[in-house]
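**Student:** Here it is, the structure in full.
The values are calculated or read from the model by the stated rules, or taken from the named source; none is laboratory data. In this text, all values refer to a predicted model and were calculated from it rather than measured experimentally. Glycine also receives a Cβ, built like all others from the backbone with ideal geometry; neighbour counts cover every protein chain displayed. For accessibility, only protein heavy atoms count, side chains too; no ligands or nucleic acids. Shrake-Rupley method; radii C 1.70, N 1.55, O 1.52, S 1.80 Å.
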Amino acid sequence: MFFDWLRKKTPKKPERVADPLAAFDQLIEDLERQGAEVRKSAATLLALKGELSRSQERYARRLEELARRKAVADTQGDTKISQTLERDRVQAESLLNTTRESLLRAEQDGQLLLEAAADLGNRVAELRTERESASARLAVGGLVSSALREQVERFEKVLAVDAARDEIERAHALAEIYREEREEPGKQG
């Protein structure tokens, strides 16, 4: 029953914006918000990159220290310490490799996000330019429409005057016909 209700629901169609400039403004606002989120994520990755770089340096120093201590243990013939240090070295090396991979991924993802933010910024700039152009075209279109409306009104007035003239001429013609009809019976009689 629940699934039937879900199937019956149709996705809402986006509402048409009455003002075309409002559509531009909405899209620009959405892209700016998206750009801000992308930049925020890029900043987070940059902070992570710094932390991973410090961890990488720390693990590299730890490996050097473990190698030095293992060499001392090997020269002293202490196999238990040498084995423990070898396990620590393997673990530190694994951590170093994981950190390097994470650092590489953070760098790649950060670069990708920075490029995406730049693309969004360019798109916003293009839309702002397009919006200004649309605004100017709408203003000019409004002026042209009002001029055409005035021209149509004048044309309608001219047509009305012509129609009035035609009506007056018909009235005169009709009056002339009645006049002639009245005069004719007097001529015959």
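**Student:** Would you please name the residue that is surrounded by the fewest Cβ atoms within 10 Å (Cβ to Cβ), looking only at residues in region 42-55 that are under 14 Å from residue 105 (Cα atoms) and either touching a helix residue (DSSP H, G or I) at 6+ places or on another chain (Cβ under 8 Å) or among the hydrophobic types (A, V, I, L, M, F, W, C) (or both)?
**Tutor:** 47
**Student:** Whether any residue in region 25-37 is among the basic types (Lys, Arg), within 30 Å of residue 123 (Cβ to Cβ) and surrounded by 12 or more Cβ atoms within 10 Å (Cβ to Cβ) is what I want to check.
**Tutor:** Looking through region 25-37, none of the residues is among the basic types (Lys, Arg), within 30 Å of residue 123 (Cβ to Cβ) and surrounded by 12 or more Cβ atoms within 10 Å (Cβ to Cβ).
**Student:** Applying the selection to region 126-169, what residues are of a type in the set (A, V, I, L, M, F, W, C) and farther than 30 Å from residue 29 by Cα?
**Tutor:** 144, 147, 148, 152, 155, 158, 159, 160, 161, 163, 164, 168, listed by residue number.
**Student:** Which of the numbered conditions does residue 129 fail, given that it passes all the others? Conditions: (1) open to solvent by 60 Å² or more (accessible area, probe 1.4 Å); (2) within 30 Å of residue 53 (Cα to Cα); (3) of a type in the set (S, T, N, Q).
**Tutor:** Condition not satisfied by residue 129: (2).
**Student:** Additional query: Considering region 97-136 alone, what residues qualify as being within 22 Å of residue 36 (Cβ to Cβ) and either of a type in the set (Ser, Thr, Tyr) or not in a helix (DSSP H, G or I) (or both)?
**Tutor:** Correct list: 129 only.
**Student:** Please enumerate the residues belonging to region 114-157 that are among the polar types (S, T, N, Q) and at pLDDT 80 or above.
**Tutor:** Of everything in region 114-157, those that are among the polar types (S, T, N, Q) and at pLDDT 80 or above turn out to be 122, 129, 133, 135.
**Student:** Considering only region 95-113, state which residues are of a type outside the set (Gly, Ala, Ser) and buried (at least 17 other Cβ atoms within 10 Å of the Cβ).
**Tutor:** Those that are of a type outside the set (Gly, Ala, Ser) and buried (at least 17 other Cβ atoms within 10 Å of the Cβ): 96, 99, 103, 113.
**Student:** In addition: With respect to the numbered conditions (1) modelled with pLDDT under 95; (2) surrounded by fewer than 17 Cβ atoms within 10 Å (Cβ to Cβ), which one is the sole condition not fulfilled by residue 58?
**Tutor:** Evaluating residue 58 over (1) modelled with pLDDT under 95; (2) surrounded by fewer than 17 Cβ atoms within 10 Å (Cβ to Cβ) leaves (1) as the failure.
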